[in-house]
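First comes the structure, then the notes that go with it.
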Amino acid sequence: MGTGDDETARLTAWVRGRVQGVGFRWWVRARALELGLAGSATNLADGRVEVVAEGPHAECRKLLDLLKGDSPAGLPGRPGKVTGVVERWSEPRGEAPGFHER
């Protein structure tokens, strides 16, 4: 898999912390749509949120940075409290358009 900024990439990120019941998936969806990404944010039984995003590598990287850190000036603050993010990059699978909360 290439890592060129314009190449389509698939990011899967598992976010842990206080990320369920606080509007976190809604916030992820809004950021992903702003970045033009397709995918989903899903609550997992163990309290984590799984984020799957496909689109240009550079935009996926921006979403990952937002998941890991504070929002840049002008963006709404990230709800909840993130204590860790595990990421995996893979070949795109052709996610349906849009970004969904599950």
Completion exercise
Of the residues in segment 24-41 that are touching a residue at least 40 places away in the same chain (Cβ under 8 Å) and exposed (fewer than 15 other Cβ atoms within 10 Å of the Cβ), the one that is nearest to GLU59 (Cα to Cα) is LEU33
Exercise for the section: Could you tell me whether any residue of segment 35-45 is over 18 Å from PHE99 (Cβ atoms) and at pLDDT 95 or above? Expected result: yes
Practice task
Output yes when any residue across segment 63-73 is hydroxyl-bearing (Ser, Thr, Tyr), in a loop (DSSP other than H, G, I, E, B) and on the phi < 0 side of the Ramachandran plot, and no when none is.
Solution key: yes
Problem - Flag for PRO79 being assigned to a loop (DSSP other than H, G, I, E, B) and either basic (Lys, Arg) or farther than 28 Å from GLY4 by Cβ (or both) - result: yes
Exercise for the section: Collect the residues in segment 1-23 that are crowded, with 23+ Cβ neighbours inside 10 Å and in contact with a His (Cβ under 6 Å, 6 or more places away or on another chain), keeping them in residue-number order. Expected result: ALA9
Fill in the blank from the handout: Expected single match for in a strand (DSSP E or B), surrounded by fewer than 17 Cβ atoms within 10 Å (Cβ to Cβ) and either among the β-branched types (Val, Ile, Thr) or at pLDDT below 95 (or both) among VAL52, VAL86 is VAL86
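The values are calculated or read from the model by the stated rules, or taken from the named source; none is laboratory data. Keep in mind that this is a model prediction, so the values were computed, not measured. Using ideal geometry, Cβ is built from the backbone for each residue, glycine included, and neighbour counts are taken over all protein chains shown.
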